[in-house]
Amino acid sequence: MGLTAKEIITQPFEGQKPGTSGLRKGVKVYQQENYTENFVQCTLTAALGDKLAGSTLAVGGDGRYFGKEATLKIIQICAGNGVSKVLVAHNGLMSTPAVSCVIRKYATDGGIILTASHNPGGPNADFGIKYNISNGGPAPEAVTNAIFEMTKTISSYKICPDLNVDISSIGQQEFEVNGKPFTVQVVDSVSDYVAYMKEIFDFNALKGLLQGSDGQPGVNVLINAMNGVMGPYAQKVFVEELGTPTDNIVNCVPMEDFGGLHPDPNLTYAADLVQELEKGRHGFGAAFDGDGDRNMILGKNAFFVTPSDSLAVLADNLDCIPYFAKTGVKGFARSMPTSGAVDRVAKKKNQECFEVPTGWKFFGNLMDAGRLSLCGEESFGTGSDHIREKDGLWAVLAWLSVLANKKQSVEDVIMQHWTTYGRNFYTRYDYENCESDPANQMMKNLNCFVADSGNINKSFTSGDKTYTIEKIDNFSYTDPVDASVSKNQGIRIIFADGSRIIFRLSGTGSSGATIRLYIEGYESDPKTFTQSPQDVLKPLINIALEISKLQELTGRDKPTVIT
């Protein structure tokens, strides 16, 4: 006997305007009556329109609290809207890179990802619903804006409330809804993803690096999944495929609250990994965020690789990865706040190098146009055109491929890179959960600073350093593929020597605002390379605080996180 879909009368819920990653709010908001249903209906209608009926979609998430309940609701809503097939992750668990992989492998019409990325999980933390289009990448602004507008006027949603699906068993389940077939296929996304990684990388070389070969001892690695979705993927790759001892993969059980961890792979929130690497027993360490798209790389004795340097080193060594021998290298790109280290590599290799706003969709456009192979963001995201999302595990395997090829340590690779290109000293200060009004006032003041042409050629002195402003703006980007324009992407203060100060305001948490301050200064003298970025950049940091009046306005005397 077939099932019947229903149309439920509802009231609109106007949410925060979704950006690149879709709507992201506290769990309790999503648990309000009809809130999740409303947002999913708006997402499907806005993204697919008259192509919704008969479509195929993928669904998965990072396992945070409310994820399984939301997954089942989404399947019911898909059924109610005449979707033909849903590919859902086993137990609802699928990393963001794996969702992109599944969308592309099975040629689905899009996919829904349940994640709030690197934000904490649990009943009182964040939850998010994100839509990816058929290329496997984040929905463009035209779609996210349409979703937002629809949340203001929605009056009903369609659902098949009696549809019961078992997502704990891999396989296909067939139903009949309103007289039409509806299929739910529970997929093993871990196997799909790992099979693809084995096409990209030389796993024999990686195994030789980790287990030892040619008389050389193996590299002892420590991988921290931070109780997010990456545990099963890391176990499959490192333990089953590469023979790494199980004890070297830690925090690998996905938990709804991430075991109380804050799954943001940086020096503050992954401090336990840092402390273990400081003991000198491991030659390589890596951590992932909750949904697996971000990564942090450490060498022996916790030698930290900044995301900007990580991108530049990989750009310089793509010949170590078999995938690029097949596809060729088509260009590089970085988000605007990311340091210009990769620009120097691009210039040497005569490659295009794009500076784009934050948000992976901008990279996806360039990839689809065949103009981009490798890209990254300073927020610990690195990826290539193998999918249309940043990919933490891919980045780790890419780094291990470089080590296997060059037969050097992480620190040696970085030092050699700086010797060749010089060092872009770089730091990011995050002031989390600031009161919104003072943070907004700071940005308003900075926009006035930008508008005042009298600030051009103005000099600022701190300590024994003097910097002269060459350019100030609120970054704007015109997409070379579709000519779309993105304005007000961050305040840039660029000095005559190429040093930069950047301010951005982020509101991805469930409360307050996060002020992000980025500082960059270039040095070519090898004597400076081993100095602390905090020491080298201190004059610029002082100037940034002076110009912005950040401390006076927010009352914060220090950042929450420094990277």
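The values are calculated or read from the model by the stated rules, or taken from the named source; none is laboratory data. These numbers were taken from a predicted model, which means no experiment stands behind them. When we count neighbours, we look across all protein chains shown, and the Cβ atoms used for this are built from the backbone with ideal geometry, even at glycine.
Can you name the residue in region 132-158 that is among the hydrophobic types (A, V, I, L, M, F, W, C), assigned to a loop (DSSP other than H, G, I, E, B) and under 23 Å from the mean Cα position of the chain (by Cα) and, of all such residues, is surrounded by the most Cβ atoms within 10 Å (Cβ to Cβ)? Let's see the steps before the verdict.
Pass one, region 132-158, residues among the hydrophobic types (A, V, I, L, M, F, W, C): 133, 139, 142-143, 146-148, 150, 154.
Next cut, assigned to a loop (DSSP other than H, G, I, E, B) only: 133, 139, 154.
Subset that is under 23 Å from the mean Cα position of the chain (by Cα): 133, 139.
Details: Ile133: 20, Ala139: 23.
Applying the filter and picking the extreme gives Ala139.
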(message) Among the residues in region 481-497, are any modelled with pLDDT under 95, assigned by TED's automatic domain parsing to the domain that holds Glu432, among the charged types (D, E, K, R) and within 25 Å of the chain's Cα centre (by Cα)?
(response) yes
(message) Let me spell it out: the conditions are (1) surrounded by fewer than 21 Cβ atoms within 10 Å (Cβ to Cβ); (2) polar (S, T, N, Q); (3) in a loop (DSSP other than H, G, I, E, B), and Thr244 meets all of them except one. Which number is the exception?
(response) (1)
(message) Tally up the residues in region 449-491 that are part of a strand (DSSP E or B) and among the small types (Gly, Ala, Ser), please.
(response) 3
(message) Tell me the residue from Gln551, Gln534 that is in contact with a helix residue (DSSP H, G or I) (Cβ under 7 Å, 6 or more places away or on another chain), surrounded by fewer than 18 Cβ atoms within 10 Å (Cβ to Cβ) and either part of a helix (DSSP H, G or I) or modelled with pLDDT of 95 or more (or both), please.
(response) Gln551
(message) For a quick check of your reading: which helices (runs of 4 or more DSSP H) sit entirely within region 328-432 and have at least 3 residues that are over 21 Å from Thr96 (Cβ atoms) and not assigned by TED's automatic domain parsing to the domain that holds Gly280?
(response) 410-421
(message) Any residue that is at pLDDT 95 or above, within 17 Å of Arg428 (Cβ to Cβ), under 24 Å from the mean Cα position of the chain (by Cα) and assigned to a loop (DSSP other than H, G, I, E, B) - is there at least one of those in region 506-529?
(response) no
(request) May I ask you to verify whether Lys390 is among the basic types (Lys, Arg), surrounded by 20 or more Cβ atoms within 10 Å (Cβ to Cβ) and modelled with pLDDT of 95 or more? (result) yes
(message) I'm checking my understanding of the structure. Among residues of region 554-563 that are in contact with a Ser or Thr (Cβ under 9 Å, 6 or more places away or on another chain) and in a loop (DSSP other than H, G, I, E, B), which one is surrounded by the fewest Cβ atoms within 10 Å (Cβ to Cβ)?
(response) Thr560
(message) Quick check on my filter: what residues within region 183-226 are aliphatic (A, V, I, L, M), surrounded by 19 or more Cβ atoms within 10 Å (Cβ to Cβ) and part of a helix (DSSP H, G or I)?
(response) Val190, Val194, Met197, Ile200, Leu206, Leu209, Leu210
(request) Just give me the residues in region 286-323 being among the small types (Gly, Ala, Ser) and free of Cβ contacts under 8 Å to residues at least 40 places away in the same chain, in sequence order. (result) Ala302
(message) Restricting to region 159-182, name every residue that is in contact with a Leu (Cβ under 9 Å, 6 or more places away or on another chain) and part of a strand (DSSP E or B).
(response) Phe175, Glu176, Val177, Phe182
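Looking at Lys361, Lys349, Lys330, which one is under 27 Å from Ser95 (Cα atoms), surrounded by fewer than 23 Cβ atoms within 10 Å (Cβ to Cβ) and either at pLDDT below 95 or not aliphatic (A, V, I, L, M) (or both)? Lay out the reasoning, then the answer.
Values: Lys361 fails: surrounded by fewer than 23 Cβ atoms within 10 Å (Cβ to Cβ); Lys349 fails: under 27 Å from Ser95 (Cα atoms).
Checking each option against the conditions leaves just Lys330.
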(request) Give just the number: which of (1) under 24 Å from the mean Cα position of the chain (by Cα); (2) modelled with pLDDT of 95 or more does Tyr269 not satisfy? (result) (2)
(message) What are the pairs with Cβ atoms under 6 angstrom where one residue, in region 176-200, is within 28 Å of Leu400 (Cα to Cα) and the other, located anywhere, is among the aromatic types (Phe, Trp, Tyr)? Sequence gap at least six, or different chains.
(response) Val190/Tyr233; Ile200/Tyr323
(request) Give me the pairs, please: first residue somewhere in region 413-429 and among the charged types (D, E, K, R), second residue anywhere and modelled with pLDDT of 95 or more, beta-carbon distance under 6 Å, and either six or more positions apart or on two chains. (result) Arg423/Phe529; Arg428/Tyr518
(request) Look through region 365-387, keep the residues that are surrounded by 22 or more Cβ atoms within 10 Å (Cβ to Cβ) and among the hydrophobic types (A, V, I, L, M, F, W, C), and return whichever of them is farthest from Asn220 (Cα to Cα). (result) Leu366
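Of the residues Ser117, Ser169, which single one is more than 20 Å from the chain's Cα centre (by Cα), polar (S, T, N, Q) and outside the structural domain of Met226 (by TED's automatic domain parsing)? Outline the logic, then answer.
Working: Ser117 fails: more than 20 Å from the chain's Cα centre (by Cα).
Answer to the check: Ser169.
So which residues in region 102-133 are among the hydrophobic types (A, V, I, L, M, F, W, C) and within 30 Å of Thr268 (Cβ to Cβ)?
Listed by number, the residues that qualify are Ile113, Leu114, Ala116, Ala125, Phe127, Ile129.
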(message) I'm trying to understand the selection: among the residues of region 1-28, which are under 25 Å from Gly122 (Cβ atoms) and modelled with pLDDT of 90 or more?
(response) none
